[in-house]
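Trainee: The structure follows.
The values are calculated or read from the model by the stated rules, or taken from the named source; none is laboratory data. Quick caveat, the model's predicted, so the values are computed rather than measured. Virtual Cβ from ideal backbone geometry, glycine too; neighbours counted across all protein chains shown. Note: areas computed on protein heavy atoms with side chains; ligands, DNA, RNA excluded. Shrake-Rupley method; radii C 1.70, N 1.55, O 1.52, S 1.80 Å.
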Amino acid sequence: MESHSPVVVCKEVTRVYRQGSQEVHALRGLNMEVAVGEFTAICGPSGSGKTTLLNVIGALDRPSGGQVLLEGRDLAALSQRERSHLRRDRIGFVFQAYNLMPVLTAYENAEMVLALQGVDIEERRERVEGLLADVGLAGMEHRTPDELSGGQQQRVAIARAIAADPAVVLADEPTANLDSENATNLLDIMEQQNRERRVTFLFSTHDPRVMERARRIVRVVDGRVETDERRT
Amino acid sequence: MSFALWTMILYSGLMSWYLRDMEATIVDLEVGDLQVHALDYRDDPSLHTRIDDAEALLQQLRAAGYRATARLLAHGLAAADESSAGVAFFGIDVPSDAQVSLVHEHLLEGSWLDPADSHGVVLGRRLARMLAVDPGEEIVVLSQGTDGAMAADLFNVRGILENVGPEVDRGGVFMPAATFRELFVLPTGVHQIVVRRPADTELDVAAEAVRAAASGLDVRTWRDLMPTLASFMDSARGALVMMVVIVYVAIAVLVLNAMLMTVFERIRELGVLKALGVSPGGILGLMFAEMVIVTAMAIALGVALGAPTLHYLATEGFELTSLAGTSVMGVAMSSTWHADMSAETFAVPIGVLILIVTLATSYPALKAAFIDPVRAIHHR
């Protein structure tokens, strides 16, 4: 399913934080590539650098060294405004804590990125209603996050992340707050979107259920790729 | 914000009217916009120090669009039965004085001067009380004429004035100019010319024009004649601005606090918005849009409350009957305190509110715009 053209390229990426007088090396010369259509899990122990890696790839954080390319564009060369537009147009985010806008309905949350892009209202309606139906939330469009379960909120977050056809969806521990049934449902939806729409997923996880379903598992330890296993 | 705006609209309207009324009282009832005297008259007011060719100057000023009248001034005594008091005599040209002064509209009792009634005089209220006379009763006046002889005569009290000013209230005796001339043996010349400028002419411009016309004479504006009062009014205007600023600084602190709390409470949402691609400019826009909506609602409510209240005060006013007859720095206070209702009454408080709220919103908005999305998303 996946093509060999890389959507994400990380070359010798380092990220050093300062905590008081101490330097914390979250990434230590990490190299990896993600191809279009891949369904990749990044795993590793706590503090290994998984979330930092996703933040750097997602243009939310700047690496201290090395190079991150998204669809061939060097993120370090982009201005703050260009990075904002890149996130809006080419990257989808799914957060561990869902992070939906509490005052907006499921529909409004899902259409947010399209609205930011200035997509026509009719086109937005068509795409968002279809997506919400795909993730099993037909009929719940007008519910606000506090009227949805954790699993339903995370499905809205997935609809929001893929609504604008991003080059890659970055999901940070997407099943960490979900029970087994909801985690399975969520993985089904992500797999379905990956299979049917060729959405590239890159998620960090500790969850063995997620790792079982991933077709590629990149194990990060101490800020470096320790193993990179592809499954057929 | 609405309450503060309402308060400021009322305060501006009331103070604006008060200061305007005070100036109008000074100009309409006391000194006019400008006064012309013979040189040295103000330093040594004497019956003999006169403007000789007053009529030519009056004609010239009237031709230039100014309203002007001549007055004759003297001091002496007035008595009735066993009471007597020191008085100031004002000999006026009744028709032209009415074009320049509103004294004739401030009658408490009786009627105003009639040039045909050569022995009719009008007194200040306190003087009339001191002499215990009412309209229709007689007083004796006593002074010295220009010929050095005693100037004395019997006059009928035609009317009694109120709220004109302490000098007139305590000792003003108004009489027709012809009567004055006869009493003081003063066939020619005047002591004072009172001038009112056209409505669209600034005081300083008018002063220059009158000085040019009245060469060799002493021309002074009401601000020169009453410098303490002019300074008091300038200070009062400054105090008005200070009051507005103080209230709005307090509002600014509240707005700043509210907006900072807004940023703090929504830090996670702001982080998510940034992660989803809203640029710093977009976040700034959102924060200011929120400020604009809240401020617009506050302005709408403030104006909705302020306009009818101000309209009531402009038309009905506060009754200040207990202050009737009192004066502030020598200027008689009106018995009713009204408010000005004009575009400026609303525009200044609204303009200052918008400015202050914009400034108070800037810091929280910038803080929100440049928030680190990674830290914001994980904020608890």
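Trainee: Tally up the residues in segment A:53-67 that are free of Cβ contacts under 8 Å to residues at least 60 places away in the same chain and open to solvent by less than 40 Å² (accessible area, probe 1.4 Å), please. Before the answer, list the steps.
Mentor: Taking segment A:53-67 first, the residues free of Cβ contacts under 8 Å to residues at least 60 places away in the same chain are A:55-56, A:59-67.
Within this subset, residues satisfying the condition of being open to solvent by less than 40 Å² (accessible area, probe 1.4 Å) are A:55-56, A:59-61, A:63, A:65.
Total satisfying the criteria: 7.
Trainee: Related question: Of all residues being closer than 18 Å to residue B:96 by Cα and charged (D, E, K, R) in segment B:17-43, which is modelled with the lowest pLDDT? Just the residue, please.
Mentor: B:30
Trainee: Okay, moving on. If you check residue A:113 against the conditions, is it touching a residue at least 24 places away in the same chain (Cβ under 8 Å), within 13 Å of chain B (Cβ to nearest Cβ) and of a type outside the set (Asp, Glu)?
Mentor: So residue A:113 passes the test.
Trainee: Right, another one. Any chance you could count how many residues in segment A:31-69 are within 12 Å of chain B (Cβ to nearest Cβ) and either polar (S, T, N, Q) or on the phi > 0 side of the Ramachandran plot (or both)?
Mentor: Summing the residues that are within 12 Å of chain B (Cβ to nearest Cβ) and either polar (S, T, N, Q) or on the phi > 0 side of the Ramachandran plot (or both) in segment A:31-69 gives 4.
Trainee: A follow-up question, please. So residue B:251 passes all but one of these: (1) of a type in the set (A, V, I, L, M); (2) modelled with pLDDT of 85 or more; (3) over 30 Å from residue A:116 (Cβ atoms). Which condition number does it fail?
Mentor: Result: residue B:251 passes all but (2).
Trainee: Just checking: which of the strands (runs of 3 or more DSSP E) contained wholly in segment A:164-223 hold 1 or more residues that are open to solvent by 10 Å² or more (accessible area, probe 1.4 Å) and either of a type in the set (Asp, Glu) or in contact with a Lys or Arg (Cβ under 9 Å, 6 or more places away or on another chain) (or both)?
Mentor: Of the strands (runs of 3 or more DSSP E) lying wholly inside segment A:164-223, those with at least 1 residues that are open to solvent by 10 Å² or more (accessible area, probe 1.4 Å) and either of a type in the set (Asp, Glu) or in contact with a Lys or Arg (Cβ under 9 Å, 6 or more places away or on another chain) (or both) span A:168-172, A:216-221.
Trainee: While we're looking at this one, here's another question. Condition test on residue B:10, is it of a type outside the set (Phe, Trp, Tyr), open to solvent by less than 60 Å² (accessible area, probe 1.4 Å) and touching a Leu at 6+ places or on another chain (Cβ under 7 Å)?
Mentor: yes
Trainee: Something else about it: Hey, can you tell me all the residues within segment A:73-89 that are open to solvent by 60 Å² or more (accessible area, probe 1.4 Å) and more than 11 Å from chain B (Cβ to nearest Cβ)?
Mentor: Once the filter is applied, which keeps residues that are open to solvent by 60 Å² or more (accessible area, probe 1.4 Å) and more than 11 Å from chain B (Cβ to nearest Cβ), segment A:73-89 yields A:73, A:76, A:77.
Trainee: What pairs come up if the first residue lies in segment B:212-228 and is at positive phi and in a strand (DSSP E or B), the second is at pLDDT below 90 and of a type in the set (D, E, K, R), and their beta carbons are under 7 Å apart, counting only those six or more places apart or on different chains?
Mentor: Listed pairs, sorted by first residue: none to list.
Trainee: Evaluate segment A:90-105: report whether one residue or more is of a type in the set (S, T, N, Q), more than 14 Å from every other protein chain (Cβ to nearest Cβ) and over 19 Å from the mean Cα position of the chain (by Cα).
Mentor: yes
Trainee: Could you pull out the residue among B:315, B:336, B:262, B:321 that is loosely packed, with under 13 Cβ neighbours inside 10 Å and at pLDDT below 85?
Mentor: Criteria check complete, one pass: B:321.
Trainee: Search segment B:85-108 for residues being open to solvent by 50 Å² or more (accessible area, probe 1.4 Å) and not in a helix (DSSP H, G or I), and hand back the single one that is farthest from residue B:73 (Cα to Cα).
Mentor: Across segment B:85-108, the extreme among qualifying residues is B:108.
Trainee: Output the number of the condition that residue B:187 fails; it satisfies all remaining conditions of (1) outside the structural domain of residue B:66 (by TED's automatic domain parsing); (2) of a type outside the set (Lys, Arg); (3) assigned to a loop (DSSP other than H, G, I, E, B).
Mentor: (1)
Trainee: Out of B:206, B:213, B:252, B:275, which single residue is more than 14 Å from chain A (Cβ to nearest Cβ), in contact with a Lys or Arg (Cβ under 9 Å, 6 or more places away or on another chain), open to solvent by less than 50 Å² (accessible area, probe 1.4 Å) and aliphatic (A, V, I, L, M)?
Mentor: Criteria check complete, one pass: B:206.
Trainee: Quickly run through segment B:229-265 and pick out the residues that are among the polar types (S, T, N, Q) and either outside any helix (DSSP H, G or I) or more than 14 Å from the chain's Cα centre (by Cα) (or both).
Mentor: B:257, B:262
Trainee: Show the residue pairs that are 6+ apart or on different chains and have beta-carbon atoms under 7 Å apart, the first residue being within segment B:17-35 and within 11 Å of residue B:226 (Cα to Cα) and of a type in the set (Val, Ile, Thr), the second being open to solvent by 10 Å² or more (accessible area, probe 1.4 Å) and at pLDDT 80 or above.
Mentor: Final answer for the pair search is B:26/B:226; B:31/B:225; B:31/B:226.
Trainee: Within the group B:141, B:157, B:173, which residue is within 28 Å of the chain's Cα centre (by Cα) and open to solvent by less than 70 Å² (accessible area, probe 1.4 Å)?
Mentor: B:173
Trainee: Let me ask you something else. Looking only at residues that are surrounded by 21 or more Cβ atoms within 10 Å (Cβ to Cβ) and more than 14 Å from chain A (Cβ to nearest Cβ) in segment B:278-291, which one is nearest to the chain's Cα centre (by Cα)?
Mentor: B:291
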